[in-house]
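Below is one structure, written out as structure tokens; the observations come after it.
Here, each number is a calculation from the coordinates, and none is a lab measurement. Note that the coordinates shown come from a computational prediction; the quantities given were computed from them, not determined experimentally. Backbone-built Cβ (ideal geometry, glycine too); neighbour counts: all protein chains shown.
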Amino acid sequence: MAFDYETVGQQIASLRKSKGLTQAELGDRLNISPQAVSKWERGESMPDISLLPDLAAVLETTTDNILSGGGKMIAYGRKITVKQAREALECFERIGELLGRDNAFYIGAIEGIDRKMNIEFEEYMKVPFTREAMAAEAIIQCIRCGAYVDLSDIKREFTSEHWIATIEDYARKFGVI
């Protein structure tokens, strides 16, 4: 995961000031120079990983709070597999089979997907490449909502290098690889 040095530095400065500490006092507590603290706060460098627990303790916060710049870090708590994504998409098709394609539940679900994603879901599911695109999109949406993926599963189960690379890019962006 890439960190924004400036945002992290601003968070350190804000927390330090809220505790009424000077840069020199924070440096003393961590056995580092006030210049190192100043560099963090200006976004020129980051605290050494070995200092993060002590820094968090002095500032009475968590390392996540420091590194996220005070924002929410996603807690990846569940895993999504290609098989699960494909099964989920097939559930929509199955609703149409079980209840009928003229049933309000099916029509509403498909219309919602079509409108939200600006696609024609039923048509996409008929073509192997776009069907795989739907599975890739489902996995990406899961990543955005806090799931993680095993890239070996992605590489094994997808046939299109394009979708493999797209998922891998998102996984990197969201820090799950």
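Just a few scattered comments:
- Working note: Karplus 6.51/-1.76/1.60 with θ = phi - 60° gives the stretch 119-133 the couplings 9, 10, 3, 4, 5, 4, 6, 7, 10, x, 5, 6, 5, 5, 4 Hz, where Gly and Pro are set to x.
- Coarse-grained scattering of the chain at q = 0.15 Å⁻¹, given as base-10 log I(q)/I(0) from a Debye sum over alpha-carbon atoms: -0.85
- Across the stretch 53-64, computed HN-Hα scalar couplings (Karplus, 6.51 cos²θ - 1.76 cosθ + 1.60, θ = phi - 60°) run x, 5, 4, 4, 5, 4, 8, 6, 8, 10, 5, 4 Hz from first to last residue, x flagging Gly and Pro.
- Fewest-first sequence of 167, 119 by Cβ atoms within 10 Å of each Cβ: 119, 167
- Taking a ≥ b ≥ c as the square roots of the eigenvalues of the Cα gyration tensor, an a/c ratio below 1.5 marks the stretch 5-67 as rounded.
- The stretch 25-110: trypsin sites (Lys or Arg not before Pro) falling in loop per DSSP and having at most 14 other Cβ within 10 Å: 42, 72, 101
- Footprinting exposure proxy for 113, 12, 139 (fewest neighbouring C-beta atoms within 10 Å first): 113, 12, 139
- Sorted fewest first by neighbouring Cβ atoms within 10 angstrom, 91, 142 come out as 91, 142.
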